[in-house]
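Quick notes on the structure that follows.
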Amino acid sequence: MAGSAACVGTGEGRFELPLENNVVIKGGSTRSIHLVTIGRWKIVDYSTGRPKKDVDAQKDLQLSLYALAVKEILELQPVRLVFHYLQNNQRQETHREAQQLDEAQKIVQQAAADIRAGAFPAKPGFVCRNCAYQPNLPGT
């Protein structure tokens, strides 16, 4: 079976993915999961936003977490991850290696640890230049 002959889910998908250290990723996406070849799947995430740069799509945390959820919850092996931009009907394909999924989990674990510790350091950037609070932040 090849192409999009089988689809295990479409529409607003909600999921909960338990990780180590009592961390649970809860999410949802407007996405579908299609069979590419026997045992290999692609995740299509429909987006109303602007297309990402390829380098950003390659490391997009959201798609990494979708791939991890499909792998762990549905026990399917995602081989392609696709952003489908609805404004211009453009598709952008990428994939994730096991190392990238591990890195996504580390990012989530670090964010959870920071939240639990109450650590929310300022990350000054372009949008800060007009912020009324900028003079009050250390390092700005």
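Worth pointing out:
- Of all lysines in the structure, the ones whose alpha carbon falls short of 26 Å from that of K71, not counting any fewer than 8 places away in one chain, are K26, K42, K52, K53, K59, K106.
- When all protein chains stay in place and ligands, DNA and RNA are ignored, the 1.4 Å accessible-area order of F120, F15, largest first, is F120, F15.
- Debye-sum result for the stretch 66-111 in log10 I(q)/I(0), which assumes one identical scatterer on each alpha carbon, at q = 0.16, 0.23, 0.33, 0.34 Å⁻¹: -0.54, -0.87, -1.13, -1.15
- What the stretch 38-116 shows is 61 Å² of accessible area per residue, with the surface traced by a 1.4 Å probe over protein heavy atoms.
- Stokes-Einstein D for the stretch 33-132, Kirkwood Rh over Cα pairs, 4 °C, 1.567 mPa s (µm²/s): 84 µm²/s
- Estimated at the nearest 10 Å², the accessible area of T48 is 100 Å² with a 1.4 Å probe.
The values are calculated or read from the model by the stated rules, or taken from the named source; none is laboratory data. Please read all numbers here as calculations on a predicted model, not as lab measurements. Note: areas computed on protein heavy atoms with side chains; ligands, DNA, RNA excluded. Shrake-Rupley method; radii C 1.70, N 1.55, O 1.52, S 1.80 Å.
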